[in-house]
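Undergrad: This structure is in structure tokens; I'll ask about it shortly.
The values are calculated or read from the model by the stated rules, or taken from the named source; none is laboratory data. In this text the structure is predicted, and so the values were computed from the model without any measurement. Cβ atoms come from the backbone with ideal geometry, glycine included; neighbour counts cover every protein chain shown. Accessible surface is based on the protein model in full, side chains and every heavy atom, while ligands, DNA and RNA are left aside. Shrake-Rupley method; radii C 1.70, N 1.55, O 1.52, S 1.80 Å.
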Amino acid sequence: MLQSLRARLFLATSLVLLVAMAGLLFSLSRVERAWLSDRNADALARSAREVALVLERTREASPDTLAAVLAAADSASGCRVTLIAADGRVVADSRADAGSLENHGDRPEVVAALAGRIGMDVRHSHSLGVDLQYVAVPALRPSPWAVVRVAEPLEIVRALDRSLLRVSALAVVSVLLASFVLAFWVSNRFAARVRALETVASRIGSGEEGARALELPSDELGRLGAALNRMSGELRARLRALEHERDEREHILAHMTDGVAMLDAGNHVVHGNASFAELLGAVAPAMPGMPFSEVARSPELEDLLARARVAPGVVEADLRLWSPRQRFVRAVATRPDRERGEVLLVLHDLTEVERVDRIRQDFVANVSHELRTPLTSLRGYAETLLDGGLQDEARREGFVRVIRDQAERLQALVDDLLSLAELERPEAGLRAERLDLRVLLARQVAVFRAAAERSGLSLELEGGGELELSADRARLEQVIANLLDNAVKYTERGGVTVRAGGDARMVWCEVEDTGPGIPHDDQPRVFERFYRVDKARSRDKGGTGLGLSIVKHIVALHGGEVALRSEPGAGSVFRFELPRG
Ligand code: ADP
């Protein structure tokens, strides 16, 4: 096409040049011919006047002398000389016999000369048989002739004209050839610049960064180059903005916990984020073009997608997915663009929500269950008292004591529940102060000593030295009290030993007992709320099932950890560590 553009340019220029040069040559030839003819006429007029002047002197000459003068004038000027009388009769002629010539009174040049002007004409001479140019002038004074006419064969002028035309044609052809070469060079250069612009445009189109068009020379093509460069800059800026926007979107999608995927009309993945594959338990990420059935084998989801393709709005369902571990998800499918048949599938992971919900339900059931026993007991004993028990002096005190014990149990339960609620509040804070763990341990050991002695148990605090840390005094006392309470409560023989120590970073404390120990299967669960190894025994001992859960919460709030080492039948060791800071 460019080739043809170059050819077309060259052809058009050449054609214009050819026509212009032909026109020029034509006009030149006309001007030359007119110029030659004018010059020749002037020369003939001069010759005629000179002959007239010469004849002036020989006005009275004999016919022979006149003939000799005419012959001399003819040979001097190379022109035929004719003398014509006022009535048009030929008086003498240098090349013909005057008597044989017809009357010249009607010849245009003679008519003009008789009227006193210089007369001119070009025509074929019948007497000589050639084309002649005639110029006639009036005689200077009255003579036998009134007009002196000279004539020259046109052949001479024409020969001159032809040679002039040849020279002009040669010049025009040379100019034409030079112009063709110039036109070829110009069209070649023009086509090359257009080709260069085309190359740059396609490089810009393919997104090449450094593609720049020539802006010089600053003609239309130069300006087109500048416009291309501007367009390329704007394109790059827009492309960068779009890429930035796309990256941001990808980033958001990639870091979303919800699984998001776009599926085409044939259920192939158009785009899917990492969470989508993860929620479905797919081994590889959902790559574009992958059939959905390869990402997830879930008939329920496939059914949901099929419904979304025909439903007018959003279709959603709560599903249990069996990816490596069980997941509970809410799947929402919509068609963002009805025309294209694509479906947007969003999976919300509700596993944690469901777990928290189940814990809440279990908790309510557990609390109700824990409350029911003492309340039933309270009601039973109160009714017994009302139904005559008050009159039974021997047993009524016993009944009232049971009522008090059950009320205390209720009190303990409510206190522990309040403590837990307080600790679980998101804004639960600590009133931290500098304190010595050993001082706290000594105080709590002293508190529990009486209870231990009542059960025939030893209670020792080993080691010495300060163990300073920053902690909430009341809560830390609660931790120690709960651990000591359990140790004393569940140990029947032997004793309880409390040890403590620390390094630059943290302090630790162990409460060791010689009690029944805790079975290995139960050990990971003893810190759960209401979890008891031996329910009846715990209740008998006035336990609420919340003590260790409270311990775990408080230690965690301090940034520490609690652990249990226990062998069934060989006692237990509860250890907690707290950072000093
Ligand atoms: P409780 O109020 O029942 O003692 P905890 O949360 O303090 O509740 O303890 C949970 C369970 O862990 C107890 O019911 C008991 O079965 C077991 N347990 C706790 N401490 C000991 C211990 N020192 N020796 C044996 N079993 C223990």
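Undergrad: Please go through the range 495-514 and pick out each residue that is modelled with pLDDT of 95 or more and assigned to a loop (DSSP other than H, G, I, E, B).
TA: Correct list: THR514 only.
Every residue, every condition in (1) within 16 Å of the ligand (Cβ to nearest atom); (2) of a type outside the set (D, E, K, R); (3) not assigned by TED's automatic domain parsing to the domain that holds THR544, yes or no:
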position	(1), (2), (3)
LEU371	yes, yes, yes
THR376	no, yes, yes
GLU393	no, no, yes
GLY398	no, yes, yes
ARG401	no, no, yes
LEU413	yes, yes, yes
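Undergrad: Still on this structure: Taking the criterion of being farther than 25 Å from LEU469 by Cβ and surrounded by 11 or more Cβ atoms within 10 Å (Cβ to Cβ), would at least one residue in the range 417-438 satisfy it? Please lay out each step first, then the result.
TA: From the range 417-438, those farther than 25 Å from LEU469 by Cβ are 417-418, 421; that's our starting set.
Next, only the ones that are surrounded by 11 or more Cβ atoms within 10 Å (Cβ to Cβ) stay: 417.
Yes; the residues of the range 417-438 include at least one that is farther than 25 Å from LEU469 by Cβ and surrounded by 11 or more Cβ atoms within 10 Å (Cβ to Cβ).
Okay, residues lined up against (1) hydroxyl-bearing (Ser, Thr, Tyr); (2) farther than 21 Å from ALA254 by Cβ; (3) open to solvent by 50 Å² or more (accessible area, probe 1.4 Å); (4) part of a helix (DSSP H, G or I):
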{"position": "ALA286", "(1), (2), (3), (4)": "no, no, no, no"}
{"position": "GLU300", "(1), (2), (3), (4)": "no, yes, yes, yes"}
{"position": "ARG309", "(1), (2), (3), (4)": "no, yes, yes, yes"}
{"position": "ALA317", "(1), (2), (3), (4)": "no, yes, no, no"}
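Undergrad: Collect the residues in the range 533-556 that are near the ligand (Cβ under 7 Å from one of its atoms) and either in the same structural domain as VAL364 (by TED's automatic domain parsing) or closer than 17 Å to ILE359 by Cβ (or both), keeping them in residue-number order.
TA: GLY545, LEU546, LEU548, SER549
Undergrad: Sticking with this one: Would you confirm, using the coordinates I've provided, whether HIS124 is touching a strand residue (DSSP E or B) at 6+ places or on another chain (Cβ under 6 Å) and either without any contact (Cβ under 8 Å) to a residue 40 or more places away in the chain or charged (D, E, K, R) (or both)?
TA: yes
Undergrad: Now for a separate question. Hey, can you tell me all the residues within the range 528-576 that are in a strand (DSSP E or B) and open to solvent by 60 Å² or more (accessible area, probe 1.4 Å)?
TA: Residues of the range 528-576 in a strand (DSSP E or B): 561-566, 572-576.
Across the range 528-576, the qualifying residues are GLU561, ARG565.
Undergrad: May I ask you to list the residues in the range 246-299 that are closer than 14 Å to ALA331 by Cβ and free of Cβ contacts under 8 Å to residues at least 60 places away in the same chain?
TA: Residues satisfying the conditions are GLY272, PHE292, VAL295, ALA296, SER298, PRO299.
Undergrad: Residue check: is ALA282 over 30 Å from ALA421 (Cβ atoms) and in contact with a Lys or Arg (Cβ under 8 Å, 6 or more places away or on another chain)?
TA: no
Undergrad: Just to be sure before I move on: is ASP521 near the ligand (Cβ under 8 Å from one of its atoms), acidic (Asp, Glu) and open to solvent by 30 Å² or more (accessible area, probe 1.4 Å) in the structure I sent? Reasoning before the result, please.
TA: Details: near the ligand (Cβ under 8 Å from one of its atoms): no; acidic (Asp, Glu): yes; open to solvent by 30 Å² or more (accessible area, probe 1.4 Å): yes.
The answer is no for ASP521.
Undergrad: Further question on the same structure: Taking only pairs six or more apart or across chains, which ones have beta-carbon atoms under 9 Å, a first residue in the range 466-494 that is closer than 13 Å to HIS558 by Cα, and a second residue that is within 11 Å of the ligand (Cβ to nearest atom) and open to solvent by 20 Å² or more (accessible area, probe 1.4 Å)?
TA: Correct list of pairs: empty, since none qualify.
Undergrad: What are the residues in the range 479-496 that are open to solvent by 30 Å² or more (accessible area, probe 1.4 Å) and more than 9 Å from the ligand (Cβ to nearest atom), if any?
TA: Once the filter is applied, which keeps residues that are open to solvent by 30 Å² or more (accessible area, probe 1.4 Å) and more than 9 Å from the ligand (Cβ to nearest atom), the range 479-496 yields GLU492, ARG493, GLY494.
Undergrad: Looking only at the range 152-174, count every residue that is under 29 Å from ALA73 (Cα atoms) and open to solvent by 60 Å² or more (accessible area, probe 1.4 Å) and tell me the total.
TA: 5
Undergrad: Just give me the residues in the range 68-85 being more than 19 Å from ALA41 (Cβ to Cβ) and crowded, with 16+ Cβ neighbours inside 10 Å, in sequence order.
TA: Correct list: VAL69, LEU70, LEU83, ALA85.
Undergrad: So LEU476 ticks every box in (1) surrounded by fewer than 12 Cβ atoms within 10 Å (Cβ to Cβ); (2) in contact with a His (Cβ under 9 Å, 6 or more places away or on another chain) but one. Which box is left unticked?
TA: Only one criterion in (1) surrounded by fewer than 12 Cβ atoms within 10 Å (Cβ to Cβ); (2) in contact with a His (Cβ under 9 Å, 6 or more places away or on another chain) is unmet by LEU476, namely (1).
Undergrad: What residue, among those in the range 502-518 that are touching a Lys or Arg at 6+ places or on another chain (Cβ under 8 Å) and either of a type in the set (Gly, Ala, Ser) or more than 27 Å from ALA471 (Cβ to Cβ) (or both), is nearest to the ligand (Cβ to nearest atom)?
TA: Result: THR514.
Undergrad: If you don't mind, another one. When you go through (1) surrounded by fewer than 16 Cβ atoms within 10 Å (Cβ to Cβ); (2) closer than 28 Å to ALA169 by Cα one by one for THR65, which number turns out not to apply?
TA: Single failed check for THR65: (2).
Undergrad: Quick test of your reading of the structure: TYR134 fulfils all but one of (1) closer than 20 Å to GLU56 by Cβ; (2) of a type outside the set (S, T, N, Q); (3) surrounded by 21 or more Cβ atoms within 10 Å (Cβ to Cβ). Name the failing condition by number.
TA: Of the numbered conditions (1) closer than 20 Å to GLU56 by Cβ; (2) of a type outside the set (S, T, N, Q); (3) surrounded by 21 or more Cβ atoms within 10 Å (Cβ to Cβ), the odd one out for TYR134 is (1).
Undergrad: Let me ask something else about it. Condition check: out of contact with any Phe, Trp or Tyr (no Cβ under 8 Å at 6 or more places or on another chain), assigned by TED's automatic domain parsing to the domain that holds GLU152 and more than 15 Å from VAL137 (Cβ to Cβ). Does ARG49 satisfy that?
TA: no
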